[in-house]
Amino acid sequence: MLPAIVEIKPDVFFTGAFDPKIRTFDIIMKTANGSSYNSYIVRGSEGVAVMDTVKKEFSDDFFARLERLCAYDEIKYIVLHHLEPDHSGALIELMERAPNAKLIISGRAVMMLKGIVKTDIPYEIATAGKIISLGNKTIEFIMTPFLHWPDTMSSYLHEEKLLFSGDVFGSHYYDERLFDDLVGDFSYAFHYYYDHIMRPFKPFVLQALKLYEQFDIDLIAPLHGPILRSNPKNYIDKYAQWSSEARFRKNAFNTKMLSVFYISSYDNTHKMAEKITEGADSVDGIRASMYDLASLDEPNMITLLEESDAILIGSPTINGDAVKPAWDLLSCMAYLERTGKIGATFGSYGWTGEAPEMLHERLKGLKFRLPLKPLKVKLIPTEEELNACVAFGCEASEIAMGKMIEMEI
Ligand code: FEO
C-alpha cells in the first residue's frame, strides 16, 4: 500500500518513517509508545529540499514517501540538522539517487560526517543566518549546538513560519495521526524526552530559545514524534521553564545544598554518613541531608544530584569494589550538566577498602572538584574516627562555601 501523503504546510510534506515496535532508544530511553524518524521535504518553485532522512532500516519507507512527492532530479538540497544515525541512515543512498543535490550540514558536523557515513562525500557548511532559496521558499539556518550533539542546527522556513528544530521539541511517541492536536496524550513522552536528552544541556537550550525568539513560529517540525502546530509557544515555554528552574534549596532558603549518599551493610558506613552530615550541616549557609541509596530510585537520584552543590558518597567495599547502588547513583550524571560540583567519598571496610578510592576516581572522570582525600574506616568506627567524620563533613561544607583554599587531589 502506498504511504499517505501528509502536507504539514503548503508544499511542505512529511517523508519520515514510523517505528511502533522500538522499546529502548539510545540505550537510556524507554519508548513505550514506539517512535518516529521524522523527515520532511520543502517544495519550492525552483527545486526541492529534503530535510533530514531516517534510520537506515526504515529507508524503504522514506524513499516510498519521497517518490510520491518529487523526482530525484528535482532535489536541490539535502539538509541534515543532526548526523546521528537515526536521521542520517538513508543519506548515502539518497545522495546516490539524487546526484544533483547539495548536502548541507553545520560546521561542527564536519568532524563527524566521515565517521558516520564512512566515505568522503561533498558538503556545504551552513552558518548562522545563511539562507538557501528554492525560488518561492526561503530557508534560514540557526545554530543550536549541543541539542543534543555538537553538530545540531535548526532551520526556519520563512514563508510558512515553520521551524525545523532537529531533536529539540521531539518525543518518542509513535502515532500516525502525526499532529499534536490529533495524536493521543504525549505530554509524558515530551517531558521524558527533554529529561533524558536535553536536560544535560540546559544552557544550550536557553541559548537556542533566545535564537528562536527572533522568528514568528507557527509550526514546529521536530525529528521525533508529533508535529507541533496547535500552540508552538506552549512547547517553547515548557522548555524555557524546565531549563530555567532554580534549584529548590537555593531558591527557597538561600542555602547551598550538600547531599550525603550512602549505602551500608553493617551500619558502619551509615554511622560515618550521620557524622559527616552533622559536620556538614554545622556550617552556615549549608543545608546538609542524608540519603540511603538502598531506597532511592533513579528519578530522585537525578533530582538530588542536580540540586546539590556538593555530593558525598559512602560505600562499603565488597569483593574489592564499591556496591552497585553507589555506581547507579553516579551513572545518573549522564542526564545532568556537570557544573563543577564538589565531590568526596568515604566508607567503612573489612579487608581491602578500595571502594572510596574507586568512587573518587569515577568522580574525577565526571569532572567533579575533589578537594578531600577519601575517608576510610576499618570496620566499626571509633569515637575518634567519628569525630574525623564530623570534621570531614565540616570541611566539605566550608569548601562549598568558599571558606577554604581548595586543593585538587
Ligand atoms: Fe534523534 Fe539525536 O537523534
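The values are calculated or read from the model by the stated rules, or taken from the named source; none is laboratory data. It should be emphasised that the depicted structure is a prediction, and the values quoted were computed from it without experimental measurement. Because the Cβ atoms are built from the backbone with ideal geometry, glycine has one as well, and the counts that use them run over all protein chains shown.
Per-structure values
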read-out: Residue in the stretch 310-321 that is part of a helix (DSSP H, G or I) and crowded, with 20+ Cβ neighbours inside 10 Å present; value: no
read-out: The stretch 64-79 residues that are within 26 Å of K130 (Cβ to Cβ), paired with ones that are hydroxyl-bearing (S, T, Y) and assigned to a strand (DSSP E or B) (beta carbon under 9 Å, 6 or more apart); value: V79/S155
read-out: Sole residue being away from the ligand (no atom under 16 Å from the Cβ), polar (S, T, N, Q) and either within 30 Å of Y174 (Cβ to Cβ) or in contact with a Gly (Cβ under 6 Å, 6 or more places away or on another chain) (or both), chosen from N254, N300; value: N300
read-out: Residues satisfying the stated conditions in the stretch 179-207, i.e. part of a loop (DSSP other than H, G, I, E, B) and surrounded by fewer than 21 Cβ atoms within 10 Å (Cβ to Cβ); value: D181, L182, V183, G184, D185, F186
read-out: Meets criteria (buried (at least 16 other Cβ atoms within 10 Å of the Cβ) and under 23 Å from the mean Cα position of the chain (by Cα)) for L94; value: no
read-out: Filter result for the condition that a residue is more than 26 Å from S106 (Cα to Cα) and of a type in the set (V, I, T), over V168, V183; value: V183
read-out: L223 being touching a helix residue (DSSP H, G or I) at 6+ places or on another chain (Cβ under 7 Å) and more than 25 Å from A32 (Cβ to Cβ); value: no
read-out: Failed criterion for P381 (all others in (1) in the same structural domain as A322 (by TED's automatic domain parsing); (2) free of Cβ contacts under 8 Å to residues at least 24 places away in the same chain; (3) more than 28 Å from the chain's Cα centre (by Cα) hold); value: (2)
read-out: Single match in S244, S259, S264 (criterion: crowded, with 17+ Cβ neighbours inside 10 Å and either aromatic (F, W, Y) or within 23 Å of D309 (Cα to Cα) (or both)); value: S259
read-out: Identity of the residue in the stretch 24-49, of a type in the set (S, T, N, Q) and within 16 Å of the ligand (Cβ to nearest atom), that ends up farthest from D175 (Cα to Cα); value: T24
read-out: Within the stretch 122-156, considering residues that are hydroxyl-bearing (S, T, Y) and buried (at least 21 other Cβ atoms within 10 Å of the Cβ), the one farthest from the ligand (Cβ to nearest atom); value: Y156
read-out: Strands (runs of 3 or more DSSP E) fully within the stretch 32-141 counting 2 or more residues that are of a type in the set (A, V, I, L, M, F, W, C); value: 40-44, 47-51, 75-79, 102-106, 124-126, 131-133
read-out: Selection from the stretch 144-168 of residues that are under 12 Å from Y212 (Cα atoms) and under 17 Å from the mean Cα position of the chain (by Cα); value: T144, M153, S154, S165, V168
read-out: Residue within the stretch 71-80 that is in contact with a helix residue (DSSP H, G or I) (Cβ under 9 Å, 6 or more places away or on another chain), in the same structural domain as W149 (by TED's automatic domain parsing), of a type in the set (S, T, Y) and within 16 Å of the ligand (Cβ to nearest atom) present; value: no
read-out: Cβ pairs under 8 Å, 6+ apart, first in the stretch 21-39 and not assigned by TED's automatic domain parsing to the domain that holds D195 and at pLDDT 95 or above, second exposed (fewer than 12 other Cβ atoms within 10 Å of the Cβ) and part of a loop (DSSP other than H, G, I, E, B); value: none
read-out: Residue check for G279: in a strand (DSSP E or B) and under 19 Å from A396 (Cβ atoms); value: no
read-out: Criterion: of a type in the set (S, T, Y) and free of Cβ contacts under 8 Å to residues at least 60 places away in the same chain - qualifying residue of Y174, Y188, Y192; value: Y188
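Let's see how each residue does on (1) aromatic (F, W, Y); (2) outside the structural domain of F253 (by TED's automatic domain parsing); (3) in contact (Cβ under 8 Å) with a residue 12 or more places away in the chain:
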site	(1), (2), (3)
K324	no, no, no
Y349	yes, no, yes
L366	no, no, yes
L375	no, no, yes
A391	no, no, yes
